[in-house]
1. With a cut-off of 8 Å between alpha carbons and a minimum separation of six or more residues, what is the relative contact order of the stretch 307-384 in percent?
2. Based on the mean of other Cβ atoms within 10 Å per residue, sort peptides 458-469, 251-262 so the most packed one is first.
3. Could you tally the net charge around TYR418, taking each other residue with its Cβ under 13 Å from the Cβ of TYR418, Lys/Arg +1 and Asp/Glu -1?
4. Under 11 Å from the Cβ of VAL129, count the other residues' Cβ atoms, weight Lys and Arg +1, Asp and Glu -1, and hand me the total.
5. What does the extension gain come out to for SER278 and GLN297, with contour length at 0.36 nm per residue minus their alpha carbon separation?
6. Counting alpha carbon pairs within less than 8 Å and at least 6 residues apart, what relative contact order, in whole percent, applies to the chain?
7. If you restrict to DSSP beta bridges whose two residues both lie in the chain, what percentage is antiparallel, to the nearest 5?
8. May I ask for the distance between the Cα centers of the stretch 68-84 and the stretch 598-645, given as a whole number of Å?
Amino acid sequence: MLCSYFRLPAFLILCFALAGCSGSDDASSSGNGPDSESSAAAGTESLADQEERQDGFEFELDRSAENVAGGWILCLTQEQNEIPVAMVGVVARDQKNPSMENLKVVILQPTKAGGKLEAGPSTVTEQTVQFQFSRDGQFQLFAGQLKEGIIFGNILNAEGRCFPARMVRPTKQLQSEPQPSLAEGFFELTDILKEGGDWDQLVTFIEEHPESPLTINAIYSLTSQVVPRDADLDQIKVVFELIDKTLEPWGNRLKQYSRLNTLVAMASVFRHADYLESVRTSLEGEFTEPMWEEQHQFVLDNMEEEIKTIQTVEELRASSPDNRAEIIDQLEEIRQDNLFNFNFMRATAEALQEVGDDEAALEWYLDYVSIPGLDSFYLNQFQMYAAEVTPTSQQLTELWEETGHTEEELSKAIEDNYLEFLSSYEFPELTIPEDNQKQVLVELFTSTACLPCIASDIAFSRLKQQLPAERVTFLQYHLHVPAADPLTVEGSVGRFHYYGAGGTPAYFVDGRSVEGTSGPASVAETTIIRLADEIVEELKIPPTLDLKAKVTPEGEGVASFEAHVDAKEINERWRLNVVLAEEIVHYRGPNQVPFHEMVVRHVYTPSQGEPPKGASLSYAGKIDLDEIRASINADLEKLRTERSVNIPDAPLEMKNLHLVVFVQDTRNLRVRQSISVPVPDLSSPKVSSAD
């Protein structure tokens, strides 16, 4: 049974943020791992092929300092580089009373790479430095301690992220501004990773380069070898031991921040709960900075709940037939608040399969796979660590076939589960005005390849389920964003550009843009409420015109239609639009939404609509399903040739069609009225009309 209230996994809370897809055809997204500012950029490996392989500072370091007073170069870690951002001074607050108890930090000279820097409050002792500063308006907090002539430390930024930084001093005065340099050990680490990241070599690198900020990259590379499902407890312990040992010089804050990040990653394994709880407990009280304490405590609290869940799953793995039913009941209760916790859902399904309860495992796998995007998000978390895992959909398919079910039965089971899932979203109580005949038009621009469109797609179907068809008209336009979508037609692209939309998803209610509708399935309820409120407001506006339309079959797959505006006076800004849409299209694309409703199959009028002709505003045309199918197939074949990609054939049943007619004002793009006319079965001579 699917439910409506859920708790996100701690991984999402700490690491996941989803925005919309770019409006360009080749839109893509990128990421550099748990900490992009301290992770090696994949595109820089070609540097290792240079004739001269040099990393580390371009100047010799003076390591004779016995206290922090004097001039320093502040260096921040950014990807594989150490960036000198400023010459700073640790000087006396009062020149008349210089002492180690009376020091402050001043920025003497920012570098070109440093941008605009402004110093803030500082706290200095003989061996430690802590000071605030802003870099190009972004808050930064440095904390470091003198060790063998270098002030090793870390930066905490406004986002609550922590990465290595240090203050160094050259042996002699530099003749020019210090330049960014590849961090120590860059080429060695690159060579190791190019060969697949051997465990022993990575451990050796970490032990031999304690002063390189790239040790944290190597630690994340080790994590990538642990996080798949067969995770070894001894290896997990090694990773935490290396964090404790090698990051200690860079400051306790960086060490604890890395331990927290790694704990969240290791929890995705859904094993070894007792050890993970010991790590979590050791982190309590470690995050004390006022700006970030609440944020980190929130993650720790969620990790506590996550680890309790892991313990229950481990009990299932170790269960006997005598006590298994009770444990499964406990897991069912946990599922009420964890439907979007992909680690939990998958781990439970796997545990049920391990103990031989295939039917129960199928139920859990099916619920998991039926939630659009969940498997993609699960796989993405492991891609962050370059780990390879089997998609849950593949696990379901294999077990489904092993238990004697067919592929057609699986497709139907996924759709049925998805329908139940849609119904689990609570729908707001709405008061729909009945004193006018305004019919609101809801337009969604989306794509089956767009993960951020999932919440919008769910909201579209849920709204269509709940709102009266005679008061609300729906249209769903598909686009090749961020990748090819076989449901796309040329007219959809034209309407997208007419609105000037920036990307998908994009919602328009009677021509007015509705923002904040992107995201995963877990935020769809918010999207539903936001759109419902907009629709009700538009329904309050009386219509200024009437629309009439009629569809007349003329043979198999062919019909004629006519539509016109009935108004006292035709406004010259009005434009008539005529669109053919299909009630439901069964196609499960990359974002795993199994079906799509009121999909635009052909746009008859220009993107901006048909203008008035004299005192009338009308349009007449012909529906020819063979021509529409041929046009869609030709467009897809052209796209395959241009992009040299394999694009699935478009589903072209063309059943349960609707002719959607609406009038839009060119001045403000507001839709004045809309109607939807069902197209009769074109194998029978019936007439369909609406007014």
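The values are calculated or read from the model by the stated rules, or taken from the named source; none is laboratory data. The shown structure was predicted, so the numbers you read here are calculated from the model rather than taken from an experiment. Methodologically, a virtual Cβ is constructed for each residue, glycine included, from the backbone with ideal geometry; neighbour enumeration extends over all protein chains shown. Just so you know, the surface numbers come from the protein's heavy atoms only, side chains and all, with ligands and any DNA or RNA stripped out. Shrake-Rupley method; radii C 1.70, N 1.55, O 1.52, S 1.80 Å.
1. 27 percent
2. Values: 458-469: 19.8, 251-262: 22.5.
In decreasing order of mean packing, 458-469, 251-262 become 251-262, 458-469.
3. -3
4. It works out to a net charge of +1.
5. That works out to 5.3 nm of additional length.
6. After rounding, I find 12 percent.
7. Counting DSSP beta bridges with both partners in the chain, the antiparallel share is about 95 percent.
8. The distance from the Cα centre of the stretch 68-84 to that of the stretch 598-645 comes to 59 Å.
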